[in-house]
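Enquirer: Below is one structure. I have some questions about it.
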Amino acid sequence: MIIECTSCGARAKLPDSKEGAKVRCGECSHIYVARPPGARRSSKAQKDDSTKYFIGGGAVVVFGLVLLIVNRGKSDPPPVVEAAPPVVEGDTGPSTGWDSPHVLFARQMHDLAFSKNTSKLFVLLDFAKLRDHEIASAATATPEGEQPVTLAGYTSLDGAAQTAYRNTTVDGLTSAEGEMPVSLWKPYDGDVVAETEKSAIVRLHVQSRSGDPNLSDRWMEWEFVRGTDMRWKAWRWERWISPEEEKRERTRRTKKTVRKTLSDGSEVIEGVVREEIAYHAETTPEQITEIEGLIDQLINMEARPKEITAARGRLEEIGKHAVPGLLKRMGGTPLESEENAIQLNLIHMLLSDITEYQTTFVVHVAMGGTQERIDSGIKQWFGWYDRKWKRFWREADSREEEIDPFWDNPNYKPRNENERRRMEELRRKAEGGN
């Protein structure tokens, strides 16, 4: 049913069940009875006494009305101007659920963002409230002991700055960039989760408009505020993680590794190869900077052998702190050239020396490996990290302490290349060498 405001003429859509209800215009806030324009004219006509048309030359009036009706019938119907959803007064319909006014408003925001209707979005946003929210979020996100980022309130901005802020905000709503772009998510279910006279929170279940099977359905939370002009406006929208999503994510994290049998019958545990692995909390920013620089030097194919050896020795000395950086670099180096294969082999050998863990990785098929074992060898490193990293971190220091007393034993036999080099280095130092 199309209704028309009796004050400003703004048109909007309402379910037929709302006919006769009092509504507040979303444009001018005028309260009127929801009826189609034609229905109002018919109702008024029924109240008029038909005998009035025949008093004082009524036939002329009737003839004029007939002509007017004929001409209006031939003309095109007036276009429906989409207005903000009218607010139904009183308990005349659902206050929550898919067809409630607040959910309709949130759905409209997604549609406007998708169609890039920027002029309408400018009207339906509370920029001052949004700016206050951003200032509060920035203060909360500031690490303890650091100076919070200072942001000026919306009303403190000059005209040009306010215009720029509005444009940036609306561009963000219509953009296809970011983790949760409003324009690319289509609602298909939703409800009002909180409501007062002046505020409302809505959660929409949305799906990707692109149809990408890798993008699972998710939730978007909207928050609205009612201004002094009685109009509702949006000021917060962000992804909401449901308990079901949290449970799925926990399940996914616990299943990072898989046990696999290779074609030669060997059983291995593989993990997901990835570039994002966080350094340990005890690794300082200065150490991270040093580690990243040393790894760059280690895999620099134009560096001199002496420089590569020095980088390798220092990374071994740093030990467990360097493991996440080495794994990150392994995950970000595609095995698509001989140079990449050499770089991966350097990282692989260093990881083996630091962790004393071995995988099936071999730098090239010419050295006795198969492509399956090469690919699996890289995945095995991430499987080791997902299963054993925390334990390795705790035990690394105690293991070295247990080994150290044997350095002075002339009959001691190193168990691996790393121990051999360390033993020789300690003996040189003990003898006064460099």
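Enquirer: Can you tell me which condition residue 212 does not meet? The list is (1) of a type in the set (D, E, K, R); (2) touching a residue at least 40 places away in the same chain (Cβ under 8 Å); (3) assigned to a loop (DSSP other than H, G, I, E, B), and all the others hold.
Expert: Result: residue 212 fails condition (2) only.
Enquirer: For residue 192, all conditions in the list (1) surrounded by fewer than 19 Cβ atoms within 10 Å (Cβ to Cβ); (2) over 20 Å from residue 121 (Cβ atoms); (3) touching a helix residue (DSSP H, G or I) at 6+ places or on another chain (Cβ under 8 Å) hold save one; what is the number of the exception?
Expert: Just one mismatch for residue 192, condition (1).
Enquirer: I've got another one for you. For segment 320-365, enumerate the residues that are of a type in the set (Asp, Glu), outside any helix (DSSP H, G or I) and touching a residue at least 24 places away in the same chain (Cβ under 8 Å).
Expert: Passing the criteria: only 356.
Enquirer: Just a yes or no: is a residue in segment 121-129 in the same structural domain as residue 238 (by TED's automatic domain parsing), exposed (fewer than 12 other Cβ atoms within 10 Å of the Cβ), charged (D, E, K, R) and assigned to a loop (DSSP other than H, G, I, E, B)?
Expert: No, there is no match, as no residue in segment 121-129 is in the same structural domain as residue 238 (by TED's automatic domain parsing), exposed (fewer than 12 other Cβ atoms within 10 Å of the Cβ), charged (D, E, K, R) and assigned to a loop (DSSP other than H, G, I, E, B).
Quick grid of which residues meet (1) buried (at least 16 other Cβ atoms within 10 Å of the Cβ); (2) closer than 21 Å to residue 120 by Cα:
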{"position": "175", "(1), (2)": "no, yes"}
{"position": "185", "(1), (2)": "yes, yes"}
{"position": "196", "(1), (2)": "no, no"}
{"position": "199", "(1), (2)": "no, yes"}
{"position": "216", "(1), (2)": "no, no"}
{"position": "219", "(1), (2)": "yes, no"}
{"position": "225", "(1), (2)": "yes, yes"}
{"position": "228", "(1), (2)": "no, yes"}
{"position": "232", "(1), (2)": "yes, yes"}
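Enquirer: Being assigned to a loop (DSSP other than H, G, I, E, B) and of a type in the set (Ser, Thr, Tyr): is that true of residue 183 here?
Expert: Answer is no for this residue.
The values are calculated or read from the model by the stated rules, or taken from the named source; none is laboratory data. Only a predicted model underlies this, so the values are computations on that prediction, with no experimental measurement involved. Backbone-built Cβ (ideal geometry, glycine too); neighbour counts: all protein chains shown.
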